[in-house]
Each structure stands twice: as C-alpha cells, then as structure tokens.
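S.K.: One structure, as structure tokens, below. Some questions next.
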Amino acid sequence: MKNIDSIGHVRGESIYLDDIPLIQGTLFGAAYGSPIAHGFIRALDISEAERHPGVVRILTFRDIRGENQIGGIIPDEPLFAEQHVHFCGMPIAFAVAVSEKAAREAVGKIKAEIEPCPVVTDPREAQANGELIIPPRTFRLGDVDQAWSLCTHIVEGRADTNGQEHLYIETQGAYAIPLENGVIRVHSSTQAPTAVQRAVSKVTGLPMHALDIAVNRLGGGFGGKEDQANVWAALCALACIQVGRPVKYSLPRTDDMVMTGKRHPYSSDFKIGLDKDLKILAYEVTFYQNAGAAADLSPAVLERTLFHCTNSYFIPHVRATAYSCRTHLPPNTAFRGFGGPQGMFVIEAAIAKTAEVLGVDAAVIQKRNLLRTGDEFPYGQPAESEAHACWQKAEDLYDVVALRGEVEGFNKSNRLFKKGLSFMPVCFGISFTKTLMNQARALVHVYTDGSVSVVTGAVEMGQGVNTKMLQVAATVFSIDPGLVKVQSTSTYKIANTSPSAASATADLNGKAVQMACTGILRRLKEVAALELGVTGGMIELKEGVVWVDGAASAMDWKKLVLAAFVRRVSLSEHAHYATPGIHFDPSKGKGHPFAYHVYGTAIVVVTLDCLRGRYTIDAVKVVHDFGVSMNTLIDRGQIEGGIVQGAGWMTMEEVLYDASGRLRSNTLSTYKVPDIYSAPSAISIEALHTERDNLAIFRSKAVGEPPLMYGIGVYFALRQAIRAFNPSADLSFSAPLTPEKALMGLYDKKHVTA
Ligand code: MOS
C-alpha cells in the first residue's frame with residue numbers, strides 16, 4: 001500500500017503548521033535570543049521595541065503567569081532568561097506584532113546589556129570543572145579489571161563524533177488560539193503533544209484540561225521536535241493569554257538553527273582487549289557527552305549510549321561510564337538513534353584500530369564477536385540474535401568475495417583513486433528505556449455508513465505511521481482501506497501520550513488500534529450471530545463480508561454495522577496498550593528494557609579521489625531484519641533515508657561553534673547536508689524475514705532509527721580507502737570525515753614523489 005499522504009504532499013495540499021488558514025486578528029511573534037553564550041543580564045531595554053509601529057506587546061519573564069520553567073527531565077531550563085543567560089539564542093524576550101516583519105524589526109530594537117562570563121564548549125573541560133547534568137552513569141558486565149590479564153592484545157584510543165543539525169524541512173513553530181471558556185488551542189509542530197501540554201500548563205498556570213495541543217503533521221522531526229517544540233508553544237500560548245488574540249510563530253531557518261539544540265557531540269576514550277583468537281574479552285569506555293546548557297533529554301540520550309555501547313557484539317567484560325557534561329551550547333537533544341549511534345561509533349573505532357594494529361581485516365574481528373542468542377547485553381537482557389543471520393546473508397547475497405576482489409583489483413590498478421569496503425552490523429533495542437513511556441491509546445469510531453475513524457497519539461512526520469495505523473484497522477476489520485480515515489492527533493482526542501519517538505510509535509499506537517478494533521469486532525460478530533440466527537457456528541469477517549463456518553453470508557460490513565446500531569450496540573472503542581514484560585532498574589543498570597532488538601548488516605563501498613580528498617559512496621548493501629514488514633515501500637524509504645542521514649553525519653555535516661559559543665554553521669551555505677549527488681550511488685536492501693513471535697505490531701519490527709547507523713560504515717570504508725593510499729597515515733577517529741580531513745589524512749606523513 002502506498003503512503004496515504006503521498007498525493008497530498010505532491011499536490012501541496014498537506015497542511016503543515018504554516019499552512020493553517022489564519023484567523024482574523026492573528027498576531028505574529030519573534031523571539032529575541034541572547035547574543036552571547038554565557039553571562040548576566042545587567043539591563044534590558046525594550047522601550048524602543050515597544051514603540052515600533054505594529055508592535056502589540058514585548059514579553060519577558062515578568063509576564064509569566066505560572067513557573068518560568070520548561071525543563072522536561074530536570075527543571076533546569078527557564079523559558080525566558082531572567083539574569084543568567086547560558087547559551088547563544090536563549091530567549092530573553094518575545095515580540096508580538098501585527099506582522100512577522102514588525103515583530104522581527106522590534107526584536108532588532110531590543111537592547112540587552114550582558115556581562116560576559118567564561119564560555120565552555122568542550123565536554124571534557126566541563127567534566128573537569130565538575131559541570132555535570134546528572135551524576136555519572138556506569139553499566140557493568142563481568143569483571144573488566146581482571147579480564148585484561150587474559151588478553152593477548154590490548155588497544156586504546158579516543159573517538160569523537162560531532163553534532164548534527166536536524167534540518168527538518170518544516171522549521172519549529174506554534175500557533176496559539178484563544179477559544180471560549182478559558183481554553184487555549186495550540187497548533188504545534190511537535191513529536192510530543194503531551195510534553196507541549198505540560199510545558200504550556202506550567203508556564204501559563206492553566207490546568208492541562210484547558211489546553212488542546214493539536215498536531216496535524218510535521219515536515220520532519222528526527223528527534224528535534226521531541227522536547228524542543230515546547231519553547232515556541234509556550235511563548236505563543238503565553239502571549240495569546242496576555243493579549244487575548246491568536247499568536248503564531250513559525251521560525252525562520254536561521255533562528256531555528258541558532259536557537260535549537262542538535263545531536264549531542266561526544267568525545268570518548270576506549271580500551272579493548274582480545275584473546276589470541278581475536279575474541280573480544282574486555283571493553284572499557286568513557287563517554288563525554290556534550291549536553292549543552294540544560295538537561296533537555298540528555299540523561300535519557302546518555303543512557304541509550306550505554307545501552308548500545310557494544311553494538312552487535314558480545315563482550316563478556318564491560319565497563320562503560322558516561323558523563324553528561326554541561327557546556328554553553330544550546331541544549332542538545334534527541335536525534336534519530338538517541339545516543340545509540342554515538343556509542344556504536346566508539347566500539348567500531350576500537351575494532352578498526354585493533355585491526356589496523358594487528359594487520360587483520362576489521363570484518364574478521366567483527367564477525368567473530370557477533371552476538372548469539374542467549375548472550376547477555378551489559379544491561380542484563382539476553383539477546384535473541386539475528387546478528388549472524390544478517391551478516392551471513394549479506395556476505396552470500398552480495399558476494400563479498402567478489403566485491404573484495406573488485407576493490408583490491410581497483411586499488412592495484414589505480415594510483416590516485418582508492419576504494420574502501422567496510423561492514424557495519426547494527427543492533428538496536430526497541431522500547432523507550434524509561435518503561436513508563438511504553439504506553440499508548442487509540443480511539444476508533446465506526447459510523448453508520450460503515451466508514452471508520454481512527455485516532456491515536458501517533459504524530460505523522462513523514463515516517464508513514466498514519467498509513468500503518470490505517471492498515472491495522474483495515475486488517476482487523478478486513479475491510480477496504482478506503483473505508484478508514486486516520487485523524488490527526490490532539491490532547492483533547494488522546495490524552496497522556498508518549499512522544500512519537502524511539503522507533504516505537506507504530507508498535508505502541510498500532511497495538512492500541514488493534515485492541516480497539518478487536519473490541520468493536522467482537523461485538524459486531526455477536527450482532528452477526530443474532531442477525532443470521534447462528535448459534536455455535538464460527539463467524540468471521542473477510543473482505544467486507546460476514547462468513548459463517550467458512551461460507552460467505554449475504555450480510556456485508558455496512559449491513560452489519562447498521563444492524564449493530566439498530567440494536568444499540570456500541571460502535572466505538574478506546575483502547576490502552578502497555579508493552580508487557582519490560583522493566584529496567586537504572587540504579588543497578590540491569591533489567592529487560594527492550595521489547596525486542598532490530599538487527600542488520602550493511603556493506604559499504606566508497607571511492608576516494610586521492611588528489612582532492614573528495615569521495616563517492618558507491619554502494620550500501622543491506623540485509624535488514626524487518627520481522628514481517630507491514631509496508632515494504634514505507635520501510636524501504638525509512639532505510640534509504642536513514643542511511644543517507646547517517647552518512648551525512650559521518651562525512652559532511654559539520655556543526656561548528658566558535659570558542660565564544662556562537663554557531664558559525666547557521667545557514668545551508670555553511671552547513672552541508674547530503675544532496676542527491678552525495679547520496680550513495682546505489683542502495684540495496686534485502687530483508688531478513690523472521691516470523692518469531694515478538695512484541696512488534698503484526699511482527700513488523702520497528703524501522704525508524706536503526707538504519708541510520710548503517711551510515712557509520714561509510715566512515716570506516718573511507719578510512720580504509722585513505723589507508724590504501726597512505727598506510728602510514730596517523731588518523732584520528734573524528735567524525736565527520738569531511739573531504740578536508742580526508743585530504744589531510746591522505747598526505748599525513750606521506751612521502752609524495754612527482
Ligand atoms: Mo527520537 S531521536 O527517539 O525523537
């Protein structure tokens with residue numbers, strides 16, 4: 001089935017925040033963000049801005065009716081700076097005017113006198129200063145200190161990954177509208193309607209039932225709107241209450257890039273030990289997470305780094321420690337993979353370095369240490385592993401022997417172009433690691449004409465979740481999908497939702513839809529039995545028709561629905577789903593946090609231009625563990641997009657803050673994302689089809705985040721290519737591996753002859 005949104009998208013009919021028809025009297029907001037990264041406001045002059053033509057109001061912290069606080073996990077993030085500013089772009093004031101232009105001009109007339117303080121942008125420096133968001137976290141398995149003595153090879157090193165701009169096509173924004181009876185409706189571009197509702201409630205002092213947070217769809221989220229949509233919604237709602245008129249703020253791209261946090265940069269130290277057969281016995285790793293100026297989701301992201309620090313490998317002795325370091329960058333936040341990719345990069349770096357030191361192929365070490373079913377993750381959960389199955393299928397299907405032969409042959413016959421080949425296995429746990437978040441609700445109505453309405457807490461952001469929800473309802477009822485409409489979500493329709501995140505949205509909300517539809521179906525079957533005078537026979541609904549004991553009856557879906565209505569049987573159901581069997585004790589770092597894991601293996605081939613440092617990604621060949629895909633078109637789209645986004649993070653996307661904490665890469669001319677020319681020339685995706693009973697909806701494993709990590713393979717393939725040209729290069733593990741860095745590596749300590 002095609003994505004139900006595709007026609008609307010192509011015709012430009014899909015409604016994003018900025019497409020909502022304006023209500024008469026709507027005002028426009030613009031935020032005034034701190035011009036410096038760290039300091040104390042000594043004076044704030046808004047008088048000239050207030051006098052600017054068209055300006056209705058300039059709001060500051062003094063206008064807050066509730067608490068000046070929007071921190072989700074830890075209350076450490078004021079909506080408006082009072083005295084202390086701790087990142088560049090931190091909101092100090094909010095101008096509200098009759099036009100966007102007037103609001104932005106007013107912002108230009110606000111004057112703040114800020115006494116500067118020292119700025120820290122490096123997480124190791126922050127850690128050394130004791131600036132931690134939460135106490136350090138450690139995951140342990142076995143006894144790493146004892147294990148070193150058993151190791152034949154021990155390799156140590158450092159690995160760094162940079163941040164990543166979310167670059168959703170639709171920027172952040174909100175539109176707050178006063179309704180009657182003290183109710184405010186806020187249209188928000190958020191992955192987390194309930195998080196917005198809580199934040200707005202806190203700042204305005206209004207109870208949650210007075211706030212309807214409505215989300216039609218997002219033009220991309222990628223984690224950037226999991227927590228950071230709260231700010232704009234709170235600003236608009238506050239202004240809306242203060243002036244009694246609708247207020248909208250849809251961020252210009254540069255404001256969005258400057259004011260919002262990104263993927264967390266990490267700096268890490270590793271030590272890895274192997275026996276003579278290249279079995280990894282011990283792994284010790286320390287992660288320094290650059291959290292930015294406030295907690296945001298950093299503690300949860302940090303935890304997922306620990307969960308995924310051994311990627312697809314079984315290592316019997318592990319000690320992984322992670323520091324969430326407070327710096328003066330905008331609070332960094334969720335980004336597809338949620339800390340997992342940062343953890344996986346380090347173990348892959350450790351294996352790559354070991355392979356280089358020992359002069360063996362990294363793939364030999366990788367393959368020898370893949371997880372097997374029953375192996376224990378450092379957090380105590382046993383693996384149900386598809387790691388070998390994916391790897392082996394990739395080797396066979398893509399004929400790795402021939403591929404290697406091609407790469408070696410090419411490298412022998414070319415002096416100024418070199419190819420590299422890497423394997424990237426991925427293992428990603430599915431569930432929110434905070435157990436309580438693994439719950440969802442659905443509301444299903446069947447109307448008397450037989451049409452069906454479905455609403456859940458799922459936010460459609462391009463990932464195709466609405467199509468999957470529709471498929472669930474149509475499958476349970478066994479009716480034409482054209483009879484089902486999936487409604488957009490809002491906190492008045494569905495309450496207390498978890499964010500659409502953690503790759504778990506289709507699973508959680510899909511299960512709730514399945515339960516709601518099953519409840520209605522049960523009643524409909526009872527009605528059918530009465531109508532058809534069947535006692536004890538088996539009643540089924542198949543393709544819109546009632547079947548009795550394996551034979552089609554004359555009663556179709558529409559007649560059945562109407563008969564139920566006439567008999568005063570409920571045609572609506574609200575269902576609640578909570579993932580069973582999961583638990584995790586953060587104080588021990590042990591439990592069974594994930595419903596299941598997604599596995600996969602990618603083989604990456606690159607070609608490097610050794611004169612210029614430029615490169616192309618020739619191919620990414622994947623065997624991916626789909627379980628049983630519900631929608632192969634959508635799932636393949638997720639994998640292709642994930643690979644390109646992961647490769648972008650690893651190769652060209654360079655978030656650059658200067659020493660004063662100012663973002664230099666604040667436009668698309670200075671921040672480069674993959675375009676069609678830098679995307680892989682070919683992506684092959686083959687399924688590892690498994691039918692194991694798992695907790696995924698219709699056994700279709702989650703697909704949102706795991707494929708991003710295939711992109712990490714691009715980094716290591718490029719490293720191979722650099723070393724093929726210059727074996728003596730002393731390369732650091734530092735992503736992104738931009739063409740500039742590749743060029744430096746190509747000529748590092750190299751004796752160049754004419
Ligand atoms: Mo996602 S990074 O779990 O919003």
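Since every read-out is calculated from the coordinates, none of them should be taken as a lab result. Since we're looking at a predicted model, the values are computed, not measured. Every residue, glycine as well, gets a Cβ built from its backbone with ideal geometry; the counts of neighbours run over all protein chains shown.
S.K.: Using only the Cα atoms, work out Rg/Rh for segment 249-331, with Rh taken as the Kirkwood radius, to two decimals.
M.R.: Checking Rg against Rh, the ratio lands at 1.15.
S.K.: Still on this model: Sort out for me the Cα centre separation of segment 350-377 from segment 77-99, rounded to whole Å.
M.R.: What the calculation gives is 49 Å, centre to centre.
S.K.: Which residue, VAL98, ALA112, HIS86, has the largest displacement toward the positive end of the dipole of segment 84-146 when charges sit on each Cβ (Lys, Arg +1; Asp, Glu -1)?
M.R.: Towards the positive end, the residue furthest out is VAL98.
S.K.: If you don't mind, another one. Picking from THR254, VAL604, GLN366, whose Cα lies most toward the positive end of the charge dipole for the chain (charges on Cβ: Lys, Arg +1; Asp, Glu -1)?
M.R.: Going by the Cα projections, it comes out as THR254.
S.K.: If the viscosity is 1.567 mPa s and the temperature 4 °C, what Stokes-Einstein diffusion coefficient in µm²/s follows for segment 42-137 when Rh is the Kirkwood radius over Cα pairs?
M.R.: So the translational diffusion coefficient is about 83 µm²/s.
S.K.: Which value in Å does the Kirkwood hydrodynamic radius of the chain take, with 1/r averaged over all unlike C-alpha pairs and then inverted?
M.R.: Its Kirkwood hydrodynamic radius stands at 27.4 Å.
S.K.: Another question, then. So which trypsin sites (Lys or Arg not before Pro) in segment 703-754 end up in coil per DSSP with only 12 or fewer other C-beta atoms within 10 Å?
M.R.: Qualifying residues, ordered by number: LYS749.
S.K.: Compute the FRET efficiency between ALA659 and SER451 as 1/(1 + (r/R0)^6), taking r as their Cβ-Cβ distance and R0 = 51 Å, and round to the nearest 0.05.
M.R.: With a Förster radius of 51 Å, E is 0.25.
S.K.: Could you list HIS624, HIS583 in order of exposure, starting from the residue whose Cβ has the fewest other Cβ atoms within 10 Å?
M.R.: HIS583, HIS624
S.K.: Could you tell me what percent of the DSSP beta bridges with both partners in segment 215-369 are antiparallel, to the nearest 5?
M.R.: Once the DSSP bridges in segment 215-369 are tallied, antiparallel ones form about 45 percent.
S.K.: Please identify the trypsin sites (Lys or Arg not before Pro) of segment 328-391 that satisfy two criteria: DSSP loop assignment and at most 15 other Cβ atoms within 10 Å. Which are they?
M.R.: Hits after loop and neighbour filter: ARG372.
S.K.: Test of understanding: ordering LEU403, LEU211 by Cβ neighbours within 10 Å, fewest first, what list do you get?
M.R.: Ranking LEU403, LEU211 by Cβ neighbours within 10 Å, fewest first, gives LEU403, LEU211.
S.K.: A further question on this structure: About the Cα centre of segment 50-122, what is the dipole size in debye to 20, counting +1 per Lys and Arg Cβ and -1 per Asp and Glu Cβ, all else neutral?
M.R.: The dipole of segment 50-122 has a size of about 500 debye.
S.K.: Sticking with this one: Explain nothing, just the number: dipole magnitude of segment 558-711 about its Cα centre with +1 on each Lys and Arg Cβ and -1 on each Asp and Glu Cβ, in debye rounded to the nearest 20.
M.R.: Around 640 debye, computed over segment 558-711.
S.K.: Also, I was wondering about something else. Only counting other Cβ atoms within 10 Å, I'd like ASP635, ASP609, ASP277, ASP625 sorted with the fewest neighbours first.
M.R.: ASP277, ASP609, ASP635, ASP625
S.K.: Something else: Quick one: which residues, 5+ away or cross-chain, put their amide H under 5 Å from the amide H of TYR657? H built at 1.01 Å from N.
M.R.: Placed amide hydrogens put ARG664 under 5 Å from TYR657.
S.K.: Right, next: Using the Karplus curve 6.51 cos²θ - 1.76 cosθ + 1.60 with θ = phi - 60°, what ³J(HN,Hα) values do you get for each residue of segment 568-577, in whole Hz, with x for Gly and Pro?
M.R.: So the J values, rounded to whole Hz, are 6, 9, 5, 9, 10, 7, 10, 10, 10, 10.
S.K.: Let me ask you something else. Bin all alpha-carbon pair distances of segment 398-502 at 10 Å intervals from 0 and give each bin's fraction as a whole percent.
M.R.: It works out to 12, 27, 19, 12, 15, 12, 3, 0, in whole percents.
S.K.: Let me ask another. Dipole size in debye (nearest 20) for the chain around its Cα centre, Lys and Arg Cβ +1, Asp and Glu Cβ -1?
M.R.: Roughly 320 debye for the chain.
S.K.: Could you compute the FRET efficiency for ALA551 and SER488, with r as their C-beta to C-beta distance and R0 at 56 Å, rounded to 0.05?
M.R.: 0.85
S.K.: In terms of modelled amide H atoms, which long-range or inter-chain residues lie less than 5 Å from the amide H of ASN216?
M.R.: SER188
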